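Accompanying notes for the structure given below.
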Amino acid sequence: MAHEYECAVMTQYLTPVKLGGSPDFSSEPAQLGLTDSLRKLTNKLPNAIDAILPEKGWEINSHSLTLAGETVIVSILLQRHHK
């Protein structure tokens, strides 16, 4: 049986500027910085999706944030109906 959706994944890596050590995401400045980075990423998503996947009809299905060392990895699952 064919699946109803076609899927794709977008990944963005957010690495904080090192100021003498690993980021401390329990601190308010680090939290605000991460929130601002995620806001900027979110604002750019529609254009980024169109640039990477020029075929129309893609929608965001889900997302995930993972911390790997000092890098925040944002994975975004996209889907669209099979044509």
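Read the figures in this text as sums done on the coordinates, not as results from a lab. Every value quoted in this text rests on a predicted model; they were computed, and no experiment measured them. Counting neighbours? That spans all protein chains shown, and the Cβs are built from the backbone with ideal geometry, glycine included.
First measure r as the distance between the Cβ atoms of Glu55 and Tyr5, then evaluate 1/(1 + (r/R0)^6) with R0 = 22 Å and state the FRET efficiency to the nearest 0.05. Efficiency at R0 = 22 Å is approximately 0.95. Given their separation in residues at 0.36 nm each and the Cα-Cα distance between them, Tyr13 and Ser64 gain 17.2 nm when the chain is fully extended. What is the helix-to-structure angle for 28-52, meaning the angle in degrees between its Cα long axis and the longest Cα principal axis of the chain, kept from 0 to 90 and rounded to the nearest 10? Once rounded, the angle reads 20 degrees. Note on the range 36-83: along the principal axes its Cα atoms extend 40, 18, 14 Å, ordered by decreasing extent.
Label-to-label distance for Ala30 and Leu45 is 2.5 nm, based on points extended 7 Å past Cα in the beta-carbon direction. The helix-only estimate of mean residue ellipticity at 222 nm for the chain, built from DSSP H runs of length n ≥ 4 each weighted as -39500 (n - 2.57), is -10500 deg cm²/dmol after division by the residue total.
Taking only alpha carbon atoms, the chain gives an Rg to Rh ratio of 1.09, where Rh is the Kirkwood radius.
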